[in-house]
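Heads up: the structure comes next, in structure tokens.
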Amino acid sequence: MRLWCLCAVLVLLLVGLAGLSAPAAAQELHIDVSDVPLRTALAEVQQQAGINLVFADRLVEAAPHVSCHYCGTDVAAALACVLSETNLQANETRSGQYVLVATGESAAERPALRAAMAGFVTDAASGEVLPGAHVYVPALERGTVTNEAGYFALPALPVGPYRVRVSYVGYATADTLLTAGAPVASVALQAREMQAATVQVDARRSERSDLAVLPGVVSTPTRELEQLPSFSGESDLFQALQWMPGIQRAGELTGGLVVRGGQSDHNLYLLDGAPVYHPWHAFNIVSTFQTETFKSIDLYRDAFPAEHGGRLSAVLDAEMRDGSRTEMRGIAALSLLSGRIVLEGPVTENLSFMVAARRSYIDQVAGSRHPVEQGGVRDTLRTGYFFYDLSAKATYRPSTRHRLSLSYYGGGDNLDLRLPFDLSLDFSSWLRPADLFFELDHNWGNQLVSARHQYLSSDRFFVTTTAYASGYRARERSLIRPSEVSTITSAYDVALWDLGAKVDVDFYASLDHQVRMGLHVRRHLFDSTLDAELQRSPRAVETIMEDSEARAFELTAYAQDTWTPSPRWTIQPGVRFSYFSGGQHAHLRPRLNARYAVVPGLLSARAGVGLHVQYLHRLRDRSTFLYDLVSSRWIPSDEDVRPSTSRHVSAGLELQPLPWLTLGVEGYARTAQDILIPRDELQRPDGLNGGGIDTGALLGQYEPGESRAYGLELLATAELGAWRLRATYHGGRSKSRSRALGEESFRPTRFDVPRALRATVQRETNRWVWGLSTEWRNGYPTTVPEARFSLGDVLDDEPTRFLHRPEVNNGRLPTYWRTDLSLGYRFGLLGAPARVQLNLFNVLGRRNVVSRQYDPAPEAGVAVQNRLGFPLLPLFELHIEL
């Protein structure tokens, strides 16, 4: 009920904002006259525009016959078009009234009429818009990139036709003829080679990939991401992204993304403009982002455009598909982990939809409830776990100038356990009746709704209004019976809600300047409660009732200019202002990015510098047995907790020596201040109730610190015939320190990897697809104890042994190396295209050490326990196109 109320509020807010941000649409004029008397042409303009024209008959009668082809909303431009072959001009004396006067100039002496050349770039098969497509005019040596709605505009061009090249990675490049001053055009790109009457298409890659300005951005089409290897055998966005340089998982399989040595909570994840705070399933093995549901995915590393902020390392901006406008289509897939389905299609000519659902099914196959009996004692044990996703989007296009969309995502995980308290590695011993047991009933997940209105108010103004509600919640219920007289029950809840609205405006000022500006307001709501009862004996019962809440308001405004002073240079200065009510923090953060085409279409250079600020902190919070087994705690900055800040610089080169080969090199450096560093990296649960859930108690486990990261990235991609190759190398360091903890020198962070090499090669034929991928990297840091000591009393039978760890992350795990093999086969199933794929994870069976634990040995020395990664795992997926 709460979500539906929020939906209603958001829709009302969206309508209000759209009304404020978008002025009433002007009357569309269509003037199409050829060799007619001037009086006739003026009468046509007067009738369509509803204006008054004042002129001397002798001036009009003496004028030659005129021709004009104009479509737009500008009355002055329409009159200029009609009068372009005369020595007359129209002056506006008051609203709706124009006077014709002689200029004393001939038509040849008058400056040429100028207008914008604008349009949308779409997918020819589905009608989906293509954000980030390149539009290039060879005659002018100028180009631009489409915005998130697939729109482009090249303003102030002399009216007339131009040969235009439109390209998008993964699509065939299209050469077509567009006219400045004509109605908004639509250019459809084909995913394969074809010939059409008005559009010439070839199979070459984009020749103008150097139009992109930002360094470090990853904008790979979703179809290419689907082809990259993943652990589960099914398409997974986060596992596909780790094949990009400088991106790795926080652990072999678990954890979030670590981008260029940052922390996983230093990344911002956006879904249709709304933030997602916990984008993982299955204890962080699988992401919530299903690749097939997206039309565009952009990952900004360090160098963010001014519209994005609030994090220090990276921003992932994903846009869901609007739904096919041409035909009903879909996919159904089954993997070892889950089953999923995606459906999309048109409802009417102007309305389309997309809906996708996914659910794991191991609980249905293995069962979640297990009746057991032993010695006449009966019990029902539980081992239930599943995750699910539901995504939906509806898009309505009443005209080429308006587009409204409503997006929804809901997903979560459910864990239901009842098992004996004294578990062992003998799994057969789990399913037996037990007097001592524990029960867990945990569920956690995200839910969001986003409403968006995109409005082309004129050829030069594009306005996007977005309103959203996004929430993350975790519910943990525990019942533990460690002895016959003691019982522990707890109920722990965490909730985080963001309510926001924003307006973004694209202004195509001239051929040299494209300005983007915007305003974003949001409300953060943080709540957590703990209700627990500790019964140590029948007469010793302790009750714990705690709650914590925080509220914060955030305001952001930005402005950014994409300036093209020459065909080879593009400079993008920007500034971002932010205000955070917690602690009354205000920051003004400039950014500067530049691109230089050293050899246009062959070699380009990019560089960027900027400052970032992050007002939200995520805490580890694992200090007790009672709560926080799976949930995340986010806290806002305030008077005592300063926001984290960072400075970055990056620069790189991209070379395309052959149409099928792209090479890249990029270096980066980043420093961050006021990050939170745990006082004890190896902290274990502290008793039953720990320090509590109060923010002050949690912050007592952390100290402010600073970090720095630097590195060099290499990338090579090749696509030649049936072969595809991708190889990446990353060399760099990530270090941190906290002077409050007595650290004078920087030490490696938890996931510092000095060197990493990844490569994947694929070959695709008519029916068979096979691939081989490998990953080699240095092992993660580990803290090696330097001494052992014991504390106890002479009356104690056994003293307590401790390990002395004066330095954090002073050692390193062995080198990690893994090779995967995949084999796919295409066939027909009941008349539908289908594909079955077998993935052999860790095909060589190498058991990598992924973590290491040190404990005092019973007699002397230190006992070392290695946790090994997965062995060879055969995984499969059946994929059917509907």
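Here is how the numbers come out for the structure above:
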| quantity | calculated |
| --- | --- |
| Residue pairs meeting the criteria (Cβ under 9 Å; at least 6 apart or on separate chains; first more than 24 Å from Q673 (Cα to Cα), in the range 720-741; second among the β-branched types (V, I, T) and open to solvent by 30 Å² or more (accessible area, probe 1.4 Å)) | A722/T765; W723/V761; R724/V761; L725/V761; R726/V761; A727/V761 |
| Yes/no for E807 being open to solvent by 70 Å² or more (accessible area, probe 1.4 Å), of a type in the set (D, E), under 23 Å from R679 (Cβ atoms) and part of a loop (DSSP other than H, G, I, E, B) | yes |
| The range 462-515, residues that are modelled with pLDDT under 95, buried (at least 21 other Cβ atoms within 10 Å of the Cβ) and acidic (D, E) | E476 |
| Number of the condition not met by I331 [criteria: (1) of a type outside the set (S, T, N, Q); (2) over 24 Å from F438 (Cβ atoms); (3) outside any strand (DSSP E or B)] | (3) |
| Of residues in the range 134-167 being within 23 Å of the chain's Cα centre (by Cα) and hydrophobic (A, V, I, L, M, F, W, C), the one farthest from P565 (Cα to Cα) | A149 |
| Qualifying residue in the range 543-557 (condition: under 30 Å from T144 (Cα atoms) and open to solvent by less than 30 Å² (accessible area, probe 1.4 Å)) | yes |
| Criterion (more than 33 Å from the chain's Cα centre (by Cα) and of a type outside the set (G, A, S)) met by exactly one of E877, E807 | E807 |
| Residue check for A860: of a type in the set (G, A, S) and either exposed (fewer than 12 other Cβ atoms within 10 Å of the Cβ) or in the same structural domain as P678 (by TED's automatic domain parsing) (or both) | yes |
| Counted residues, the range 308-344 - those being of a type in the set (D, E, K, R), open to solvent by 20 Å² or more (accessible area, probe 1.4 Å) and under 24 Å from T400 (Cβ atoms) | 4 |
| Leading residue by the ranking (least open to solvent (accessible area, probe 1.4 Å)) among those in the range 348-381 that are under 30 Å from H402 (Cβ atoms) and assigned to a loop (DSSP other than H, G, I, E, B) | N350 |
| Top-ranked residue in the range 827-847 [being in a strand (DSSP E or B) and open to solvent by 70 Å² or more (accessible area, probe 1.4 Å); ranked as nearest to T782 (Cα to Cα)] | L838 |
| Those residues of the range 266-299 which are hydroxyl-bearing (S, T, Y) and touching a Gly at 6+ places or on another chain (Cβ under 7 Å), in sequence order | T288, S296 |
| Failed item in (1) open to solvent by 50 Å² or more (accessible area, probe 1.4 Å); (2) modelled with pLDDT of 80 or more; (3) more than 52 Å from the chain's Cα centre (by Cα), with E105 passing the rest | (2) |
| Matching residues, the range 305-325, being touching a Gly at 6+ places or on another chain (Cβ under 9 Å) and under 15 Å from A394 (Cα atoms) | E319, D322, G323, S324, R325 |
| Which numbered condition R568 fails, given (1) open to solvent by 40 Å² or more (accessible area, probe 1.4 Å); (2) charged (D, E, K, R); (3) over 30 Å from H134 (Cα atoms) | (3) |
| Any pair with Cβ under 9 angstrom, 6 or more apart, that starts in the range 60-86 at a residue that is part of a strand (DSSP E or B) and open to solvent by 50 Å² or more (accessible area, probe 1.4 Å) and ends at one that is modelled with pLDDT of 85 or more and of a type in the set (G, A, S) | H69/S34 |
| Residue within the range 267-278 that is small (G, A, S), open to solvent by 10 Å² or more (accessible area, probe 1.4 Å) and outside the structural domain of V503 (by TED's automatic domain parsing) present | no |
| Filter pass, A451 being open to solvent by less than 20 Å² (accessible area, probe 1.4 Å), at pLDDT 95 or above and not in a loop (DSSP other than H, G, I, E, B) | yes |
| Answer residue from the range 134-159, given it is over 15 Å from Q514 (Cβ atoms) and free of Cβ contacts under 8 Å to residues at least 60 places away in the same chain and is most open to solvent (accessible area, probe 1.4 Å) among those | A139 |
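The values are calculated or read from the model by the stated rules, or taken from the named source; none is laboratory data. Being a predicted model, the structure only gives us computed values, none of them experimental. Don't worry about glycine lacking a Cβ; one is built from the backbone with ideal geometry, like all the others, and counts go over all protein chains shown. Only protein heavy atoms, including side chains, enter the accessible area calculation; ligands, DNA and RNA are left aside. Shrake-Rupley method; radii C 1.70, N 1.55, O 1.52, S 1.80 Å.
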